[in-house]
Amino acid sequence: MTYFFKPLYQTTRPLKTSILFAFILCSVFTKAQQVESIHVNLYTDSLKKGTFNYINIDGRLSNGKYLPLDSTHLIFWSSAGKFSGNSLWIDKNIHTEKVDIKVYLRNNPALVKTFTIYIKQMPDPELKTMDEILIKPKGKKGK
């Protein structure tokens, strides 16, 4: 029995090879975007004791866009507390009024951002109980 047509796997092999070669050639000429600068966007004006405080870091790319960066891209250092990812734990018993933070880009340690954040000194107010919230003093109507 003779085949008039080549089997499908023999005809598509050169096509697959040329597509793979085209992808490799294109990847050689594409330039990956690099982080040019580091920017800090804090959600609060001070750090709170006894909790994790998220430190939001964005990287400005060479094309002008911003990319959120995390601990896979950054190395964090602080004068007090301990980092877990982008979150800084501040102990309840700390007696300093501010924390100095340095952020290094992992693939370019020369790119550093240094900043200071103050620690909240006033205690948090007592939270109302469920009864205090549900039982409101009745005011006069119509005024």
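The values are calculated or read from the model by the stated rules, or taken from the named source; none is laboratory data. Since we're looking at a predicted model, the values are computed, not measured. Here Cβ is always computed from backbone atoms with ideal geometry, including for glycine, and neighbour counts include all displayed protein chains.
Can you name the residue in region 45-54 that is farther than 14 Å from Pro123 by Cβ and more than 16 Å from the chain's Cα centre (by Cα) and, of all such residues, is surrounded by the fewest Cβ atoms within 10 Å (Cβ to Cβ)?
Asp45
Just a yes or no: is a residue in region 53-76 at pLDDT below 95, closer than 17 Å to Thr116 by Cβ and of a type in the set (Lys, Arg)?
Checked region 53-76: no residue is at pLDDT below 95, closer than 17 Å to Thr116 by Cβ and of a type in the set (Lys, Arg).
Would you confirm whether any residue within region 43-64 is part of a loop (DSSP other than H, G, I, E, B), among the polar types (S, T, N, Q), more than 16 Å from Asn108 (Cβ to Cβ) and without any contact (Cβ under 8 Å) to a residue 24 or more places away in the chain?
So far as region 43-64 goes, yes, one or more of its residues are part of a loop (DSSP other than H, G, I, E, B), among the polar types (S, T, N, Q), more than 16 Å from Asn108 (Cβ to Cβ) and without any contact (Cβ under 8 Å) to a residue 24 or more places away in the chain.
Criterion first (part of a loop (DSSP other than H, G, I, E, B), surrounded by 15 or more Cβ atoms within 10 Å (Cβ to Cβ), charged (D, E, K, R) and modelled with pLDDT under 95) does Lys6 satisfy it?
no
Given the condition among the β-branched types (Val, Ile, Thr) and in contact (Cβ under 8 Å) with a residue 12 or more places away in the chain, answer yes or no: does some residue in region 134-141 qualify?
No, every residue in region 134-141 fails to be among the β-branched types (Val, Ile, Thr) and in contact (Cβ under 8 Å) with a residue 12 or more places away in the chain.
The conditions are (1) at pLDDT 75 or above; (2) out of contact with any Pro (no Cβ under 7 Å at 6 or more places or on another chain), and Phe23 fails exactly one of them. Which is it?
(1)
Considering only region 65-123, how many residues are touching a residue at least 40 places away in the same chain (Cβ under 8 Å), of a type in the set (D, E, K, R) and touching a His at 6+ places or on another chain (Cβ under 8 Å)?
1
Strands (runs of 3 or more DSSP E) wholly in region 71-143 with at least 3 residues that are of a type in the set (Asp, Glu), loosely packed, with under 10 Cβ neighbours inside 10 Å and touching a strand residue (DSSP E or B) at 6+ places or on another chain (Cβ under 8 Å) - which ones? I'd like the intermediate steps shown before the answer.
Working: elements: 74-78, 82-84, 87-90, 98-105, 108-119.
Answer list for region 71-143: none.
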